[in-house]
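Participant: This structure is in structure tokens; I'll ask about it shortly.
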Amino acid sequence: MSDVNSGAVRTGQRIPLVDELRGLAVLLMAGFHFCYDLSAFGFLRFEMNGGFFSWFRYLIVTLFFIAVGAGLYLGHSKAIQWRHFYLREVKIIAGALVISLTTYLMYPQSWVWFGVLHFIAVASVLALPFIKAPRTALITGVAIFLLYNLLDWFNLAPLYQALQPTLHLPRGTQDLTRLIPWLGMVLIGIYLAKREFWGVYSMPLGWLRRPVAWLGQHSLLFYLLHQAPLFGLAWLLDRLLH
């Protein structure tokens with residue numbers, strides 16, 4: 001990635017801001033998960049049903065999914081690169097399966113059957129037709145959020161209820177990323193990339209800009225590996241301080 005500042009012209013089909021959004025998201029996610037790990041050892045109280053951590057998660061997934069939509073547009077706006085798209089999908093699905101298997105072994109009653117990576121794999125397929133119609137993507141994305149918040153029935157709860165006994169899905173889960181409404185954020189990301197973020201090509205991160213962007217370019221690997229050392233650190237703190 002080239003060395004550019006907040007007002008600079010983008011290089012090729014890569015806008016540094018997208019990598020930075022993704023990198024910032026995985027850093028915040030690591031902090032979120034570390035707080036969860038600390039709560040498991042009694043260092044703090046972690047409550048997901050409202051409150052700070054609920055809104056913190058909303059911020060993280062918003063950054064992630066805007067970057068997903070923007071990345072799809074930048075990679076495929078001229079013509080859909082099917083080979084690249086399929087390879088990316090295979091990697092994401094493989095990562096999602098690792099998350100599901102790992103959480104099934106650790107939490108058999110609440111394993112992750114549709115988390116962030118599962119969502120990205122499905123949402124990428126659903127968003128692909130909107131790449132050639134960014135304005136429609138924006139309208140549809142905003143409409144999804146409005147309908148989700150205004151109508152009690154505008155969600156996929158009936159689908160879960162139909163599939164749960166057949167697929168033996170858990171009634172609770174360690175992580176659930178709802179396709180509705182978060183597909184809307186991916187679609188909004190497509191439009192933002194079309195508009196090239198109104199000339200904002202990078203965040204004012206100073207010396208952190210390069211490492212954050214690098215992290216964003218390797219976000220899948222970081223996502224899969226970060227939790228084990230963080231949990232180990234929380235365990236070590238528990239052994240030393242408790």
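Participant: Any residue in the range 184-195 that is open to solvent by less than 30 Å² (accessible area, probe 1.4 Å) sitting within a Cβ distance under 8 Å of a residue that is among the charged types (D, E, K, R)? List the pairs, counting only those 6 or more apart or interchain.
Facilitator: Every condition considered, no pair remains.
Participant: Okay, next question. Taking the options Arg88, Arg83, Arg135, name whichever one is among the basic types (Lys, Arg), touching a Ser or Thr at 6+ places or on another chain (Cβ under 8 Å) and at pLDDT 95 or above.
Facilitator: Result: Arg88 is the single residue among Arg88, Arg83, Arg135 that is among the basic types (Lys, Arg), touching a Ser or Thr at 6+ places or on another chain (Cβ under 8 Å) and at pLDDT 95 or above.
Participant: For the condition exposed (fewer than 15 other Cβ atoms within 10 Å of the Cβ), closer than 28 Å to Arg14 by Cα and touching a residue at least 60 places away in the same chain (Cβ under 8 Å), what is the one hit in Gly172, Gly199, Gly206?
Facilitator: Checking each option against the conditions leaves just Gly199.
Participant: Out of all the residues in the range 53-91, which are within 21 Å of Gly115 (Cα to Cα), surrounded by fewer than 11 Cβ atoms within 10 Å (Cβ to Cβ) and more than 17 Å from the chain's Cα centre (by Cα)?
Facilitator: Tyr86
Participant: Okay, next question. Scan the range 212-235 residue by residue and report those that are open to solvent by 80 Å² or more (accessible area, probe 1.4 Å) and more than 21 Å from Gly95 (Cα to Cα).
Facilitator: Correct list: Trp235 only.
The values are calculated or read from the model by the stated rules, or taken from the named source; none is laboratory data. Keep in mind the model is a prediction, meaning the values are calculated, not measured. Here the Cβ is made from the backbone with ideal geometry for all residues, glycine too, and neighbour counts use every protein chain on show. In case anyone asks, the SASA skips ligands and DNA or RNA and just uses the protein heavy atoms, side chains included. Shrake-Rupley method; radii C 1.70, N 1.55, O 1.52, S 1.80 Å.
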